[in-house]
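Before any comments, here is the structure.
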Amino acid sequence: MKNLKYLYVFLMTTAAMMVGCQDDDISIGAITAPTNLEVVSEIVGVDSENPFGDGTGVVKFMAKADNALTYKFVTPGSQQISQTGIASIPFTSANSGVFTYEVAVVAYGTGGISTSTAIQVEVFVDYSPPADLLQLLYGDGSKTWRIKSEQAGHFGLGPVGGNIPVEWYGAGPEEKAGLGMYDDRYIFNSDGTFTHITNNTNDDPVTDTSGTVFGRKNLIDELNGPGGGTVNGDDVSNYPYSDYTQNWQISAPGGSETITLSGIGFIGYYTGGNHQYRIFDRSVPNELILTTADGNGNFNWWFIITSEEPKQDEAFTTIYNDLIWEDTFDVDGAPDPLKWTYDLGKGDNGWGNSESQTYTKSPDNVKIEDGILKITAKAENGGYISSRIKTDGIFAFTYGRVEVRAKLPSGGGTWPAIWMLGQNYTTVSWPTCGEIDIMEHVGNDQNTIHSTLHYPGNSGGNGVGKRTTVPTASTEFHNYSVEWTPDFITFLVDNQVYHKFPNTADTPFNADFFLILNVAMGGNFGGAIDPNFTASTLEIDYVKVYQ
């Protein structure tokens, strides 16, 4: 085993304080600058014949300081953040030779106060990434990578130094759906920048860069601080985080091709650490198996990524063909009382969503006319009136296919919905009872159709959802449907699948649910109401349930 060359650096440090116009926040305790910052570097592959390393250009830096909470290592064009004070940095060059590089090291204490220093290292660089690897990563510049969620073992962890991906845990197909990982996309740009798109379902990625990610508890707080996302054991799902760009480079320490991302750049599941991903295997076209160690030094993690988008499902074929319930709205007047009942009034806190409407059963708001159910939201006396009808206590079912043919209202603030709620909501409350949103649309985002599941740990803004675009949502009728089985809940528009959720025995989606149709105004999802809004109507041709 090759010896390592140690460069010990004990340097005078400088402190930089964040200055404010208010007293120290007592919630973070005394603000103390880190002191006695020391930095040690180890050049990989140093021996008597290679005094500047083995040519891989990799240098391991170890920093420590009194009262330091975290460290940042800054090189030209990149940076790494480390809670442990350890970072392995690969240096590259277009030419072979011995080069001098300067690394700034910053130690952060409470309140963001920092102490910094710099260290220079002389490193022999004699590595150029092979052309076939670069072609694999970015090709002609159009390649986009994702977690290969449909493959067994696409994500997992094992013992440090263990047999990846054989030992310990590997995720099953789509097992982590809805947690903030599968909709992410990764781009290795040819200019050395790395782009992470944190929500690939955004309709306008230029103006809407918001998204969520998945990662390890506590470590993920390195991104945006604590408090975000949903904690489930050691995982944090749907942690809010926007698209970002860092840098990437290739090195080969010990002969192992390795991708290093700068700053907080990561792939798949945030593990902290040195943000280095060893290429375990690249023998399958357009596919990589990557491994990395987490920032706690507890596990090796692996990810299978692919530059191919999921194959489109074959034409959808239902397994439910026996019609068990329907309303085709053939009789003019009020909805059939043997099939529908009402929610009335303003509800608690605007039906739990700060909505602005009052629900009525007036024919001004709900009626059947010429074979069409019409639910109309109206502006009235400085407020809004609408209607919500449901089969609560009349008809409920477990598993099946629901199909609703509808034309949607429009206008800023309108929020029509076709959805289902667990029949046991009065005994276990929401979200324990579960909610299946077959179709939601908001006039402030015209023609975007949402389907969402709400259940414990994934409710409200953290619901598991997808969206699709229907250009004529408010001018033509379309079929909105859901196929609900013990294994999957599949959402469709005009018989085209756009959202498939893996159902398990651990979700509430294995008991009776009833149907709800309504038009809300404003609220947490509906957003600002157009001050010129007068009225708009949800029109429904039929509702059918099959088993």
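The values are calculated or read from the model by the stated rules, or taken from the named source; none is laboratory data. The structure presented is a predicted model; accordingly, all values stated were derived computationally and were not measured. Using ideal geometry, Cβ is built from the backbone for each residue, glycine included, and neighbour counts are taken over all protein chains shown. What goes into the accessible areas is simple: the full protein's heavy atoms, side chains included, and nothing from ligands, DNA or RNA. Shrake-Rupley method; radii C 1.70, N 1.55, O 1.52, S 1.80 Å.
All conditions in (1) open to solvent by 40 Å² or more (accessible area, probe 1.4 Å); (2) in a strand (DSSP E or B) hold for Thr84, with the sole exception of (2). Considering only the range 47-56, I want to know if a residue exists there that is in contact with a helix residue (DSSP H, G or I) (Cβ under 7 Å, 6 or more places away or on another chain) and touching a residue at least 24 places away in the same chain (Cβ under 8 Å). Looking for residues that are in contact with a helix residue (DSSP H, G or I) (Cβ under 7 Å, 6 or more places away or on another chain) and touching a residue at least 24 places away in the same chain (Cβ under 8 Å), one finds at least one in the range 47-56, hence yes. Can you find a residue that is assigned to a loop (DSSP other than H, G, I, E, B) and open to solvent by less than 20 Å² (accessible area, probe 1.4 Å) anywhere in the range 343-360? There is no residue in the range 343-360 that is assigned to a loop (DSSP other than H, G, I, E, B) and open to solvent by less than 20 Å² (accessible area, probe 1.4 Å). The set of residues in the range 401-430 that are crowded, with 21+ Cβ neighbours inside 10 Å and either part of a loop (DSSP other than H, G, I, E, B) or at pLDDT below 95 (or both) comprises Leu408, Pro409, Gly413. The set of residues in the range 431-447 that are in contact with a strand residue (DSSP E or B) (Cβ under 8 Å, 6 or more places away or on another chain) and part of a loop (DSSP other than H, G, I, E, B) comprises Pro431, Thr432, Cys433, Gly434, His441, Val442, Asn447. Note on the range 261-290: residues that are open to solvent by 10 Å² or more (accessible area, probe 1.4 Å) and of a type in the set (Val, Ile, Thr) amount to 4. The condition of being assigned to a loop (DSSP other than H, G, I, E, B), at negative phi and among the hydrophobic types (A, V, I, L, M, F, W, C) holds for only one of Ile279, Ile319, Ile289, that being Ile319.
A single member of Lys72, Lys60 is at pLDDT 90 or above and either buried (at least 16 other Cβ atoms within 10 Å of the Cβ) or more than 27 Å from Phe188 (Cα to Cα) (or both), and it is Lys60. One residue alone among Val105, Val123 is touching a residue at least 12 places away in the same chain (Cβ under 8 Å), outside any loop (DSSP other than H, G, I, E, B), farther than 24 Å from Ile279 by Cα and not basic (Lys, Arg), and that residue is Val105.
For Leu136, the criteria (1) part of a loop (DSSP other than H, G, I, E, B); (2) modelled with pLDDT of 90 or more hold in every case but one, which is (1).
For the range 471-491, check the following and say yes or no: at least one residue is assigned to a loop (DSSP other than H, G, I, E, B), touching a strand residue (DSSP E or B) at 6+ places or on another chain (Cβ under 8 Å), loosely packed, with under 15 Cβ neighbours inside 10 Å and small (Gly, Ala, Ser). No.
All conditions but one from (1) within 29 Å of the chain's Cα centre (by Cα); (2) among the charged types (D, E, K, R); (3) over 26 Å from Ile289 (Cα atoms) apply to Lys148; the one that does not is (3). Given the criterion modelled with pLDDT under 95 and surrounded by fewer than 16 Cβ atoms within 10 Å (Cβ to Cβ), identify the matching residue among Thr317, Thr398. Every option except Thr317 fails the conditions.
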